[in-house]
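Chemist: The structure's right below; bear with me while I get my questions together.
Where a number appears in this text, it was derived from the coordinates with a stated rule and is not lab data. Not measured: the values here are computed from a predicted model. Methodologically, a virtual Cβ is constructed for each residue, glycine included, from the backbone with ideal geometry; neighbour enumeration extends over all protein chains shown.
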Amino acid sequence: MTSSRRRWPVLVVVAAAVATVAVVAGIGPPWRPAAVLGFAGVCPGLAVVGPARLDDRVSEAVLAVATSVALIVLVSAALMYAGWWSAWRVLAVLVAVTVTGALVELRTPVGARS
């Protein structure tokens, strides 16, 4: 595993922490929207697509953004139908998915996947 493959899970977890702190602390514009949109637009998808270890970085980036949007829609719809929708809950589920994906990638032994 290259060092860049070890770097993305850490960056994703840091982005999740920054977005969470921005929301919980009530930081105002322009920082909170930038932190949350930056996190939600890329990180959940990267946590799902990243372990696939695609050779093409452009394809990986496009899939990460598309998967992030799909996860936002699925999580929002599921919470809405359950009667539990709120922006805080959507963010919490996305952070949980992202951190779980990053931790799984970090715990995977270097030679386990090729």
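Chemist: Closer than 16 Å to ARG89 by Cα and not hydrophobic (A, V, I, L, M, F, W, C), is that true of PRO44?
Modeler: It is true that PRO44 is closer than 16 Å to ARG89 by Cα and not hydrophobic (A, V, I, L, M, F, W, C).
Chemist: Looking at segment 68-107, which of its residues are of a type outside the set (A, V, I, L, M) and surrounded by fewer than 16 Cβ atoms within 10 Å (Cβ to Cβ)?
Modeler: Initial filter on segment 68-107 (of a type outside the set (A, V, I, L, M)): 68, 76, 81, 83-86, 88-89, 98, 100-101, 105, 107.
Hits for segment 68-107 are TYR81, GLY83, TRP84, TRP85, SER86, TRP88, ARG89, THR100, ARG107.
Chemist: Something else: So for segment 2-17 (the condition being assigned to a helix (DSSP H, G or I), more than 12 Å from the chain's Cα centre (by Cα), among the aromatic types (Phe, Trp, Tyr) and at negative phi), does at least one residue qualify?
Modeler: Let us first name the residues in segment 2-17 that are assigned to a helix (DSSP H, G or I), namely 3-17.
Next, only the ones that are more than 12 Å from the chain's Cα centre (by Cα) stay: 3-7.
From what is left, the residues that are among the aromatic types (Phe, Trp, Tyr) are none.
For segment 2-17, residues assigned to a helix (DSSP H, G or I), more than 12 Å from the chain's Cα centre (by Cα), among the aromatic types (Phe, Trp, Tyr) and at negative phi: absent.
Chemist: Which residue is nearest to ALA15 (Cα to Cα), if the candidates are limited to segment 47-67 and must be of a type in the set (Gly, Ala, Ser) and exposed (fewer than 13 other Cβ atoms within 10 Å of the Cβ)?
Modeler: Here the answer is ALA66.
Chemist: Determine whether segment 83-91 contains at least one residue that is touching a Gly at 6+ places or on another chain (Cβ under 7 Å) and under 25 Å from VAL24 (Cα atoms). Write out each step before concluding.
Modeler: Filtering segment 83-91 for residues touching a Gly at 6+ places or on another chain (Cβ under 7 Å) gives none.
No - not one qualifying residue is present in segment 83-91.
Chemist: From the set of residues in segment 47-61 that are in a helix (DSSP H, G or I) and in contact (Cβ under 8 Å) with a residue 40 or more places away in the chain, which is nearest to VAL95 (Cα to Cα)?
Modeler: ALA47
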